[in-house]
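Student: A single structure is presented below for examination.
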Amino acid sequence: MDSSLVGNNNRYWVLRHGKSIPNERGLVVSSMENGVLPEYQLAPDGIAQARLAGESFLQQLKESNIELDKVRICYSPFSRTTHTARVVAEVLNLPFHAPQCKMMEDLRERYFGPTFELKSHDKYPEIWALDEKDPFMRPPGGESADDVVSRLATAMESMEAEYQRCAILVVSHGDPLQMLQNVFHSAKQQEGDGLAERFQMSRVASFLSQHRKFALLTGELRPLI
């Protein structure tokens, strides 16, 4: 990704949470009310995935000569992402309840609405088909692709305002992270000044409908910029 997109010389990585208990059970858990419950945190396989991701992140930091005091971990408040972030912090030997690790509500899971909540994962393709057709259309009571991108843009602006020359790990969920990658890819092609303006220019159907191209596996780490 083009580093000129960000103004404070920050570098970003994205990490989808490790395999969770909802993943194992094949459940959609997307509301804040359910998402923060401890019974929906990581499954044992997900803890192992988070540990591997932390080790990979640590290796990439060493290869880039980035000191640990410049690392920031920003994570969704859901139990599965909080659990993932905590495991990564342990691998990096960073104190989790310190300023280097920050919960950000705008990084939460996409809310798919009451029609899908606690239903089978098999329903996800219905929503993604809707996104391809019209990324501004909300599933009943839920968030559209554009709604999610809007709050992700707010989260990125907040990180850019707070951090300088940091290595920032964004720990979130499948849909938000593929949308974040998609909009960064789209913003790179825009001529606007700064991240916020280029994000806004990328919020058109032809870009927003393509987010599935950037899908992540559970526990998958990728450099963003």
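The values are calculated or read from the model by the stated rules, or taken from the named source; none is laboratory data. On a predicted model such as this, the values are computed, not experimentally measured, just so you know. Note that each Cβ is placed from the backbone with ideal geometry, even for glycine, and that neighbours are counted across all protein chains shown. Remember, those area values only see protein heavy atoms, side chains included, never the ligands or the DNA or RNA. Shrake-Rupley method; radii C 1.70, N 1.55, O 1.52, S 1.80 Å.
Student: I want to confirm something. Restricting to the stretch 87-104 and keeping residues that are of a type outside the set (A, V, I, L, M) and surrounded by fewer than 22 Cβ atoms within 10 Å (Cβ to Cβ), which single residue is nearest to P44 (Cα to Cα)?
Tutor: E90
Student: From the list L177, L216, L195, L169, which residue is in contact with a Leu (Cβ under 8 Å, 6 or more places away or on another chain) and assigned to a loop (DSSP other than H, G, I, E, B)?
Tutor: Matching residue, one of L177, L216, L195, L169: L216.
Student: Take E143 and tell me if it is acidic (D, E) and open to solvent by 50 Å² or more (accessible area, probe 1.4 Å).
Tutor: no
Student: Pick from E132, E162: which is under 20 Å from G194 (Cβ atoms), surrounded by fewer than 16 Cβ atoms within 10 Å (Cβ to Cβ) and not aliphatic (A, V, I, L, M)?
Tutor: So the residue among E132, E162 that is under 20 Å from G194 (Cβ atoms), surrounded by fewer than 16 Cβ atoms within 10 Å (Cβ to Cβ) and not aliphatic (A, V, I, L, M) is E162.
Student: Taking the residues in the stretch 1-23 that are surrounded by fewer than 17 Cβ atoms within 10 Å (Cβ to Cβ) and touching an Asp or Glu at 6+ places or on another chain (Cβ under 8 Å) as candidates, determine which candidate is modelled with the lowest pLDDT.
Tutor: G7
Student: Here is a follow-up. So for the stretch 193-207 (the condition being open to solvent by 30 Å² or more (accessible area, probe 1.4 Å), aromatic (F, W, Y) and either over 20 Å from N10 (Cα atoms) or touching a residue at least 60 places away in the same chain (Cβ under 8 Å) (or both)), does at least one residue qualify?
Tutor: yes
Student: Moving on. Specify which of the listed residues (Q178, Q190) is buried (at least 18 other Cβ atoms within 10 Å of the Cβ), without any contact (Cβ under 8 Å) to a residue 40 or more places away in the chain and not acidic (D, E).
Tutor: Q178
Student: How many residues are closer than 23 Å to L217 by Cβ, touching a Lys or Arg at 6+ places or on another chain (Cβ under 8 Å) and β-branched (V, I, T) if we restrict to the stretch 33-80?
Tutor: Matching residues across the stretch 33-80 total 1.
Student: Taking interchain pairs and intrachain pairs at least six residues apart, which have beta carbon atoms under 7 angstrom, with the first residue in the stretch 16-45 and more than 21 Å from E126 (Cβ to Cβ) and the second β-branched (V, I, T) and open to solvent by less than 20 Å² (accessible area, probe 1.4 Å)?
Tutor: Note: pairs meeting the criteria are H17/T81; H17/T84; H17/V171; G18/T84; Y40/V29; L42/T84.
Student: Could you please find all residues in the stretch 198-213 being over 21 Å from E160 (Cβ atoms), outside any loop (DSSP other than H, G, I, E, B) and not hydroxyl-bearing (S, T, Y)?
Tutor: A205, L208, H211, R212, K213
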